[in-house]
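The values are calculated or read from the model by the stated rules, or taken from the named source; none is laboratory data. In this text, all values refer to a predicted model and were calculated from it rather than measured experimentally. No Cβ is skipped: glycine too gets one built from the backbone with ideal geometry, and neighbour counts run over all protein chains shown. The area values use the complete protein model at the heavy-atom level, side chains included, leaving out ligands, DNA and RNA. Shrake-Rupley method; radii C 1.70, N 1.55, O 1.52, S 1.80 Å.
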Amino acid sequence: MAYRYIDVRSVTPTVGAEVRGVDLRETLSDEVFKEVRSAFLRHQVLFFKNQEWLSPDQQIAFARRFGGLHLHPAAPHLEGQPEIFVIHTHKGSRIANGDAWHTDVSCDKEPPLGTMLQLHKLPSVGGDTLFASMYAAWDNLSEPMQAFLSTLSARHESEHVYRGRYRDRNVDDTDRVYPEALHPIVCTHPETGRRALYVNRAFTTHIEGLEAAESKALLDFLFEHIEQPKFQARFKWEINDIAFWDNRCLQHYAMWDYWPEERKGHRVTIQGDCPYLAPPTEAPE
Ligand code: SIN
């Protein structure tokens, strides 16, 4: 596709593109926004380069162009602005957010459509984020395996992930009930119509209808399959870059290889729909 208003350069043939020529502090015209949206659907994750620091209101305003905002069930947020999840890792951190392959909040019945992260503080080296295309992971399975997986759903849970996770950031979750959901193992992307694998190591705990050993063996196989480097792009951040990824067809991994240095930014997520698997469309005669 040719772009008139923005400069879009793929970072791999499979997933990810860098975008230049927009200032996300400004309100984008409808024409520019249409191109951004089309690049997002095509490349699955966009890396907006040469950005200035966005105020929380500016980041929220840009994210709202894509839909209503999703509130994280567990994480700490900016005072008075629950839409802004503060990503922060430093010398005293016990955990780093996203430090394993996952799909954001897939335990929700309606998991977030996409996530937008701007990093304001970076370590001197490291702290990259890796992205893996779940379209590619699906497309690279055999037809018999695809047919079998298309009949299955899996449970996504979060109690084991979130309980007490942010205690050291003053989150008291004593009375919270953390979400869980059942989703098809392969889902249809509601905007592109493509199929994407939808299980991840962080939240997916069991395949419905299978014995425990069968479920474990199949999930282990899928987790390894998904993590092949040929499905991935690796993003090296510069200050104020903004990554915007599509949780409906991607997993990501935030590499915590920079301890004791600090990494900090603001994350906003956009509400999504209930994942589903549409029947295959018949080719016209
Ligand atoms: C996350 O949202 O999983 C964190 C991503 C990152 O910090 O790069």
- Query: When the chain is fully extended, how far beyond the present Cα-Cα distance does LEU71 get from ASN50, taking 0.36 nm per residue of separation?
  - Reply: 4.8 nm
- Go ahead and set up a Gaussian network model of the chain, Cα springs under 10 Å, then flag whichever of GLU52, GLU157, GLU211 fluctuates most. GLU211
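Could you work out the equivalent-ellipsoid semi-axes for the range 165-224, taking the square root of 5 times each eigenvalue of the Cα gyration tensor, largest first, in whole Å?
27, 18, 12
Throw me the Rg/Rh for the chain, computed over C-alpha atoms with Kirkwood Rh, two decimals. Kindly include the intermediate steps, with their values, before the conclusion.
Details: Rg = 18.7 Å, Rh = 19.6 Å.
My calculation puts Rg/Rh at 0.95.
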- Query: Looking only at GLN251, GLN146, GLN44, which one moves most when the chain is put into a Gaussian network model with springs between Cα atoms under 10 Å?
  - Reply: GLN146
- Message: Apply the Karplus curve 6.51 cos²θ - 1.76 cosθ + 1.60, θ = phi - 60°, to the phi angles in the range 8-14 and return the couplings in whole Hz, x for Gly and Pro.
- Response: 10, 10, 4, 9, 9, x, 9
- Message: Given a 10 angstrom Cα cut-off, can you work out which residue in ARG163, ARG195, ARG263 is the most mobile in a GNM of the chain?
- Response: ARG163
- Take a quick pass over the chain and tell me how many lysine pairs come in under 23 angstrom between Cα atoms, counting only ones 8 or more apart or on separate chains. 11
- Task: Write down the Kirkwood hydrodynamic radius of the range 45-184, to one decimal in angstroms, obtained as one divided by the mean of 1/r over all alpha carbon pairs.
- Result: 17.7
- Query: Short version: ³J(HN,Hα) in whole Hz for each residue of the range 236-245, in order, from phi by Karplus 6.51 cos²θ - 1.76 cosθ + 1.60 (θ = phi - 60°), x for Gly and Pro, what are they?
  - Reply: 9, 6, 10, 3, 6, 4, 10, 9, 10, 10
- Cβ-Cβ FRET estimate between GLU214 and SER29, R0 fixed at 51 Å, reported to 0.05: 0.45
- Hey, what's the chain come to in accessible area per residue, 1.4 Å probe, Å²? 47
- Message: Using a 1.4 Å probe on the protein heavy atoms, what percent of the accessible area of the chain belongs to carbon and sulfur?
- Response: 50
